[in-house]
Amino acid sequence: MKTSAHAARSRSSKQFMNSTASATSSHSTQPFFASGKTSQRGGDSSGLNPSAQEGEDVGGRTLGEFIGDVGRPIGTFFGNVVGGIAGAVAGNDISSATTLPAVWNNHGHFQWNISFNTSGRNGWIVQEIDSTRRAQDAAGNALPDGLTPLYWEAWAVDGTGNISPASGGTHDFWQRRSFGNNTQGHWSISSACYFTTTDPATQGFAVGNAPEAGGLLSSLSQPAGLGVARLHRFAQGTWDSTSAVPTHDGSAGPQ
């Protein structure tokens, strides 16, 4: 069953405060959820791919990362309040439903799959993906990382509301690769989904512009005329595989 942006907003303020009180809480019944688990696979995707000082550490995170982890759930919640109102007025809201629950595996590996639903017709869902990642070896040296930090990707919506492309009922595959043993780091993904009637192909979108987008049309440049985002999502994690017991904790939402 799909979970609409309206339903997420109707949850009590007490639930919201509980979900944002800690970036590493573990209450799966909240709009935002968190976990720490174990890892096996590699590869990065955020699209259709079925396959005190900034340098100071705070619980394995720099201060900037800590502030971002606390602020991301709050910004996502209020962004969805505004987006839900705009979508209800314009008749083109966007919601998501989890098809594979988020899992934080060892060594920085993460996966979360979702499907989209929209009341919009004959247009496109355009999603902005903003990613960060700090990957280091046990000595604190930076590891090679080709992650695309910012891009846009698109799905087509027909006259009946069918969204394509999709794979087995899933539209969006969020994954962060495993860096293996004796590594440590932090990562984050923030997204904003828009509904547009302008064909993204006319604005420079093409398959392959952003490798993480997989088979979706994508662009490294912001398209014009997107308006107000209808749906916001986030995921984040901090891992440490430099000790005998690897850890990877984080949070994500809404779902």
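Just a few scattered comments:
- Taking Cβ atoms as reference points and 10 Å as the exclusive limit, the residues near T118 contribute a net charge of +1, counting Lys and Arg as +1 and Asp and Glu as -1.
- Solvent-free Debye scattering, log10 I(q)/I(0), computed from the Cα coordinates of the range 161-251 at q = 0.10, 0.13, 0.14, 0.25 Å⁻¹: -0.39, -0.62, -0.70, -1.40
- Here the dipole of the range 162-255 is about 60 debye; that uses its Cα centre as origin and unit charges on the Cβ of Lys and Arg (positive) and Asp and Glu (negative).
- Dipole magnitude (debye, nearest 20) for the range 65-191, charges at Cβ of Lys, Arg, Asp, Glu: 120
- Kirkwood Rh, angstrom, the range 90-237 [1 / mean 1/r, Cα pairs]: 16.2
We did not get these values from a lab; they are worked out from the coordinates using the rules stated. Computed from a predicted structure; not experimentally measured. Virtual Cβ from ideal backbone geometry, glycine too; neighbours counted across all protein chains shown.
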